[in-house]
Amino acid sequence: PNGSAVGTVTASDPDAGTILTWSIQSGNAGGAFAIGAGGQITVANVAALDFETTPSFTLAVRATDNGAPALFDEESVTVTLTNVNEAPTVTAAAFSIPENSPNGSAVGTVAASDPDAGSAFTWSIQSGNTDGAFAIGAGSGHLTVANPAALDFESAVPFALVVRATDNGAPALFAEGMVTVTVANVEEPVTAVADARSTDEDTPLVEPDPGVAGNDVDPDGLALVVTAFDATSVLGATVSVAPGGGFTYDPRPSAALQALRVGESLSDTFSYTVTDAGATSSAATVTVEVAGVDAGLVLSKEALVDGTVAVGTSFAFRLTVLNEGPGVATGVVVEDPLPPLLV
């Protein structure tokens with residue numbers, strides 16, 4: 001530090017009782033040293049004492065006597081600096097890495113400097129490395145991905161890593177710097193998930209938003225829109241799906257479903273496609289289990305087989321009875337008014 005003793009310069013004079021005045025005439029770069037009345041050289045500017053830039057100083061030191069006239073003499077004084085290990089400096093850095101990058105992916109290289117020429121560094125991460133997301137090369141400062149699962153844009157905040165560089169001096173010294181790593185978002189595809197519903201052959205399914213889209217997943221949390229659907233199911237039911245996922249499924253137009261008896265059922269399906277705001281799409285299938293119901297007997301009548309009827313002649317008209325109820329119907333009475341011409 002300033003004021004530290006360097007050494008004492010001496011002089012002699014044949015004249016007894018001579019008093020000498022000391023000064024530094026040249027070689028004192030940066031005002032590194034001062035010389036006292038007794039020839040003592042001390043440190044005057046510690047910042048000028050840098051072994052790496054100026055390992056030694058050659059000072060022209062003058063001694064002036066108090067005679068008449070005053071006389072002086074000069075000599076060279078060499079001051080050699082002893083090298084002392086100095087701490088390195090880590091350069092702050094900011095990097096970005098796409099989320100879910102695989103293990104070993106390069107993030108960036110952290111840099112350090114050291115006043116001591118030829119210094120080598122050993123690197124380590126001291127804090128901020130949540131879930132072991134990153135690793136740093138001990139001899140290189142290369143930062144890489146160590147745990148892809150920790151790099152999730154939707155849940156992660158920027159990583160603030162405290163990185164340490166330790167030099168190979170004696171004693172070893174270290175410095176720390178802040179390295180910020182931001183996780184960049186990557187568009188992740190929406191996943192449409194299959195649905196299952198149930199109804200009977202005579203009852204339409206009507207479901208509001210989000211309907212079939214209610215269980216679909218978008219990792220980025222983007223809004224989902226149904227962009228396509230089957231207007232007719234595999235078995236002929238009619239289908240309508242709103243953009244928000246609400247839907248109507250009507251089994252009544254399906255001959256196969258209307259033919260179901262009590263205790264019978266069929267699985268019908270239709271598909272739809274959902275798209276997120278990032279323009280990724282996914283399709284899923286909706287399965288509807290349709291049960292038969294007891295519809296009883298249905299009577300229908302056709303026109304007279306022969307519309308010309310005269311007194312004393314035979315005529316016929318046809319009644320059709322459709323049994324949509326139990327497999328065997330007993331005790332059934334079918335009644336129908338006579339045609340008007342016979343009344």
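Rule-based calculations on the coordinates, nothing more; no lab input. Every value quoted in this text rests on a predicted model; they were computed, and no experiment measured them. Please note: Cβ atoms are built from the backbone with ideal geometry, for glycine as well, and neighbour counts cover all protein chains shown.
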Give me the extension gain from His142 to Ser23: residue separation times 0.36 nm, minus the current Cα-Cα distance, reported in nm with one decimal. 37.5 nm
5 Å is the cut-off here: which amide hydrogens, built 1.01 Å from N in the peptide plane, fall below it relative to Leu173, excluding neighbours closer than 5 in sequence? Asp167
Of the convex hull drawn through the C-alpha atoms of the range 164-304, the volume per residue in Å³ is 155
Taking a cut-off of 27 Å, what percent of all Cα-Cα pairs in the chain are separated by more than that? 74
How much length would be gained if the chain were fully extended between Ala194 and Glu52, taking 0.36 nm per residue of separation minus their Cα-Cα distance, in nm to one decimal? 44.0 nm
About the Cα centre, charge dipole magnitude for the chain (Lys/Arg +1, Asp/Glu -1 at Cβ), debye: 140
Where in the range 263-293 does the label zone of Thr232 land, with the point 7 angstrom along Cα→C-beta and an amide N cut-off under 16 Å? 269-271
Can you compute log10 of I(q)/I(0) for the range 60-216 with the Debye formula, treating each Cα as one identical point scatterer, at q = 0.10, 0.11 Å⁻¹? -0.60, -0.65
Which ³J(HN,Hα) values, rounded to whole Hz and listed in residue order, are derived for the range 126-143 from phi using the Karplus coefficients 6.51, -1.76 and 1.60 in 6.51 cos²θ - 1.76 cosθ + 1.60 with θ = phi - 60°, glycine and proline given as x? 8, 6, x, 8, 4, 6, x, 4, 10, 10, 10, x, 4, x, 10, x, 6, 9
Counting each DSSP H run of 4 or more residues in the chain as -39500 (n - 2.57), what helix-only mean residue ellipticity at 222 nm follows after dividing by all residues, to the nearest 500 deg cm²/dmol? 0 deg cm²/dmol
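Taking the highest mean first, how do the peptides 67-77, 94-104 order by number of other beta carbon atoms within 10 angstrom per residue?
Peptide ranking by packing, descending: 94-104, 67-77.
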Cα-projected label distance for Asn45 with Ala94, points at 7 Å along beta-carbon direction, nm: 3.7
